[in-house]
Amino acid sequence: MRRRATTVIDTEKCTGCGLCVQVCPSDTLSLTDGKAAVTGQYSIGCEHCVAVCPEDAIHVGFSDAEATTLETVENRSSWLPFGQGDTAELVRLFRSRRSCRKFSKEPVPEAVLRDLVRIGIMAPTGTNSQLWTFTVVPDRESVMKLGSAVGKFFDKLNAMAEKRVARLVSKVFMKDMLGEYYRDYYESVKRGLDQFRNEGRDRLFHGAPAVILIGSQPGASCPAEDALLASQNICLAAHTMGYGTCLIGFAVEAIRHDPRVKKVLGIPADEKIYSVIALGKSLERYRKQAGRRSVEPRYFRG
Ligand SMILES: Cc1cc2nc3c(=O)[nH]c(=O)nc-3n(C[C@H](O)[C@H](O)[C@H](O)COP(=O)(O)O)c2cc1C
């Protein structure tokens, strides 16, 4: 995403080392008369120049400090050099995060929710657009309201999928989408909806006391990737902060197809939602880490 460059160089401080010019991805800077100078019109606002300058001579002004200042987690603001950090512990975290499907009713403190959003936006975005949106559903009652809007969508979908004619039409005109849904999901969704209505059992959000939805405003170059990278940050950090998470693809689908769900949430119609994260204290305890099937990477050596 191109923006007019707002970069300012303090020529008193600049020694002309050129490090900022080397890291600039958008040719915003060059060395002129032995000093860094803003010679390009545009910038993606990544602030690599600010981060690399040994003299503190550059100001971009695209970010604001409070955006990444945490309330419930210690703020360590120095850059972690390559090769430092505890990889083994990081891998242990990757393998210990599990999708939680049994949440306690205990509310998630608002400061924790704020921190998780801030941890989410520490992820990268395509062309540094940062056009993502975060919608926080902070209490169980509101999660239930969202759940019932999603439930209404699946009620309608199931009613349609039950009809043979509708499945036939879908086979001809919609790549058999309805038929596939009928085969793979209809029964379990029906069971979930019945359990919700008759027993109050929440198979959608698994009883979560909070939900975070991540979406994008129009104009982002890689909106889905941005949202999912933020989601992974949130899920991993939540684990270390004492909270379980579960991505809820069913809710994403409902929001994609039924504008009324967005309306319930107050999300503008032109905003797209790519990730819905259920969140809360987990009542599940595991003894082992997550296993995975092996993959055989393909190598290309030209
Ligand atoms: C994009 C995506 C959508 C998902 N949607 C749901 C969902 O709607 N409901 C649910 O219970 N789990 C959902 N999951 C959780 C997966 O089932 C889970 O990640 C997978 O079984 C691996 O388990 P793990 O997360 O514990 O490692 C989703 C996961 C992803 C990545």
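Below, the figures for the structure above:
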item	result
Residue ranges of helices (runs of 4 or more DSSP H) in the range 201-302 with at least 3 members over 28 Å from L70 (Cα atoms) and modelled with pLDDT of 95 or more	249-257, 259-265
Within the range 288-302, tally of residues that are without any contact (Cβ under 8 Å) to a residue 40 or more places away in the chain and either in contact with a strand residue (DSSP E or B) (Cβ under 8 Å, 6 or more places away or on another chain) or within 14 Å of the ligand (Cβ to nearest atom) (or both)	4
Residue count, the range 254-273 (criterion: open to solvent by less than 50 Å² (accessible area, probe 1.4 Å) and either within 18 Å of the chain's Cα centre (by Cα) or free of Cβ contacts under 8 Å to residues at least 40 places away in the same chain (or both))	7
Every pair of residues 6+ apart whose Cβ atoms lie under 9 Å, when the first sits in the range 70-89 and is in contact (Cβ under 8 Å) with a residue 12 or more places away in the chain while the second is of a type in the set (S, T, N, Q)	V73/T240
Some residue of the range 169-178 being surrounded by 17 or more Cβ atoms within 10 Å (Cβ to Cβ), polar (S, T, N, Q) and in contact (Cβ under 8 Å) with a residue 12 or more places away in the chain	no
Qualifying residue in the range 222-236 (condition: open to solvent by 50 Å² or more (accessible area, probe 1.4 Å) and more than 16 Å from the chain's Cα centre (by Cα))	no
Residue list for the range 189-200, filter: within 13 Å of the ligand (Cβ to nearest atom) and touching a helix residue (DSSP H, G or I) at 6+ places or on another chain (Cβ under 6 Å)	V189
Any hit, the range 46-66, residues being among the aromatic types (F, W, Y), within 22 Å of the chain's Cα centre (by Cα) and more than 16 Å from the ligand (Cβ to nearest atom)	yes
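Conditions (1) more than 19 Å from V252 (Cβ to Cβ); (2) aromatic (F, W, Y), marked per residue:
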position	(1), (2)
L146	no, no
F153	no, yes
A161	no, no
A166	yes, no
F173	yes, yes
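Every residue, every condition in (1) within 14 Å of T133 (Cβ to Cβ); (2) within 15 Å of the ligand (Cβ to nearest atom), yes or no:
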position: F205; (1), (2): no, yes
position: P209; (1), (2): no, no
position: P218; (1), (2): yes, no
position: S221; (1), (2): no, no
position: E225; (1), (2): no, yes
position: A238; (1), (2): no, yes
position: F250; (1), (2): no, yes
position: H257; (1), (2): no, yes
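The values are calculated or read from the model by the stated rules, or taken from the named source; none is laboratory data. Keep in mind that what you see is a predicted model, and the values were worked out from it rather than measured. Counting neighbours? That spans all protein chains shown, and the Cβs are built from the backbone with ideal geometry, glycine included. Accessible surface is based on the protein model in full, side chains and every heavy atom, while ligands, DNA and RNA are left aside. Shrake-Rupley method; radii C 1.70, N 1.55, O 1.52, S 1.80 Å.
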